[in-house]
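Just below is one structure, and these are the notes that go with it.
No lab work stands behind these numbers, since they all come straight from the coordinates. In this text, all values refer to a predicted model and were calculated from it rather than measured experimentally. Don't worry about glycine lacking a Cβ; one is built from the backbone with ideal geometry, like all the others, and counts go over all protein chains shown.
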Amino acid sequence: MPKRNGNRTMNQSPDYDKVIREVFLRHYRKGATYLKFGKDELAEACGKHGITVRDILDIIYTYRARRVLPARILATGHWAIEPAGRGAYAFRLLRNPPHFEIQFREYAPVDIYNAIPEVVEGLLQQDEQSLLTRVLYNRLVDIFTGLTCFHIQNHYRSFVAGMGEVELDALYVGVDKTGALFVLPIEAKNQAESEMISRIQVSRMAKLVRQDFVDLRRRILAVKAVADGTIGVVEFDDREEPDDFGIVSVSRFRLISKECCQLTARVS
């Protein structure tokens with residue numbers, strides 16, 4: 001990586017480890033379960049270690065979704081980072097590891113005919129929004145849940161009391177055969193192996209839909225692009241607090257072309 005004025009640039013993970021460890025140890029006391037810190041403390045720690053970071057919040061996202069906290073922090077317990085108001089965050093001690101360990105490749109793939117129009121397929125990338133497009137065109141939410149589902153929007157944002165602004169990657173509504181309505185928030189992760197599903201994020205999704213859609217039942221989902229081109233879908237318990245969530249079911253879908261389908265039509 002290039003250097004600027006002797007300072008290392010962003011995205012070198014050992015640098016992030018130094019910064020987050022510095023902030024944690026500044027606040028940690030034995031027996032503590034909640035350690036609040038400010039965004040400015042991250043910037044201060046970066047300056048102390050001679051680290052240049054364009055977007056200071058990338059440090060928070062890195063440990064929320066891409067990698068575990070440094071060993072020095074994990075030696076004291078299962079810590080996760082969550083928002084704690086405007087410009088503030090907190091280390092929160094959990095009973096369970098902060099990220100779900102889901103080995104999607106252990107699940108046999110279900111073959112689904114790829115319904116994406118060619119003009120769309122050719123423009124898709126390997127990012128979260130393209131993943132959500134693949135999920136939408138192939139009705140994977142319907143297939144996975146057994147509901148008839150309708151896409152509301154991506155990037156649904158709402159201010160949640162006590163938490164600040166929360167964003168859903170995608171939002172669906174579904175109906176079952178009895179006419180009951182369900183709201184389905186979705187967290188999306190791209191195919192990078194380092195992209196993990198965090199308990200904090202799942203909890204925030206669940207709290208948002210409990211607040212904004214009080215009259216609807218809930219199905220809490222995440223989708224993950226797997227490196228082999230398949231798509232993993234997971235459903236979590238309908239809970240609120242990070243430690244209370246468990247995995248209800250997992251499926252892996254493989255989109256296949258029409259040439260692979262053995263479909264025949266009988267004409268009488």
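Here are some pairs, LYS39/LYS207; LYS48/LYS224; LYS48/LYS189; LYS18/LYS189; LYS30/LYS189; which of them have Cα atoms lying more than 28 Å apart in this structure? Don't jump to the answer; show the numbers that get you there.
On the way: LYS39/LYS207 24 Å; LYS48/LYS224 37 Å; LYS48/LYS189 33 Å; LYS18/LYS189 26 Å; LYS30/LYS189 34 Å.
Result: LYS48/LYS224; LYS48/LYS189; LYS30/LYS189 exceed 28 Å.
Averaged over every viewing direction, what's the projected area of the C-alpha convex hull for region 44-175? Give it in nm², one decimal, please.
Details: hull surface 49.1 nm².
Averaged projected area of region 44-175's Cα convex hull equals 12.3 nm².
Let me check the size of region 3-94 from its C-alpha atoms; what are the radius of gyration and Dmax in Å?
12.7, 41
From the square roots a ≥ b ≥ c of the eigenvalues of the alpha-carbon gyration tensor of region 126-242, which class results: rounded (a/c under 1.5), prolate (a/b over b/c), or oblate?
Oblate.
How far is helix 199-212 tilted, in degrees, relative to the longest principal axis of the Cα atoms in the chain, given as a value from 0 to 90 rounded to the nearest 10?
70 degrees
Over the chain, what lengths in whole Å, largest first, do the semi-axes of the equivalent ellipsoid take, defined as the square roots of 5 times the eigenvalues of the alpha-carbon gyration tensor?
On the way: eigenvalues 279, 103, 52 Å².
Semi-axis lengths for the chain are 37, 23, 16 Å.
I need the GluC sites (Glu not before Pro) found in region 50-126, filtered to DSSP loop residues with at most 16 other beta carbons within 10 Å of theirs. Mind dumping the intermediate values first?
Values: sites: GLU101, GLU106, GLU118, GLU121; in loops: GLU101.
Filter output for region 50-126: GLU101.
Taking the chain as the reference, fit the longest principal axis to its C-alpha atoms, fit the long axis of helix 13-27 to the helix C-alpha atoms, and give the angle between the two in degrees, 0 to 90, nearest 10.
60 degrees
Could you size up the charge dipole of the chain around its Cα centre, putting +1 on the beta carbon of Lys and Arg and -1 on that of Asp and Glu, and report it in debye to the nearest 20? Mind showing how you got there, number by number?
Numbers: 38 positive and 35 negative charges, 162 e Å.
Here the chain has a charge dipole of around 780 debye.
In whole percent, what relative contact order does region 104-260 give with Cα contacts below 8 Å and a gap of six or more residues?
On the way: 294 pairs, mean separation 39.0, N = 157.
Relative contact order comes out at 25 percent.
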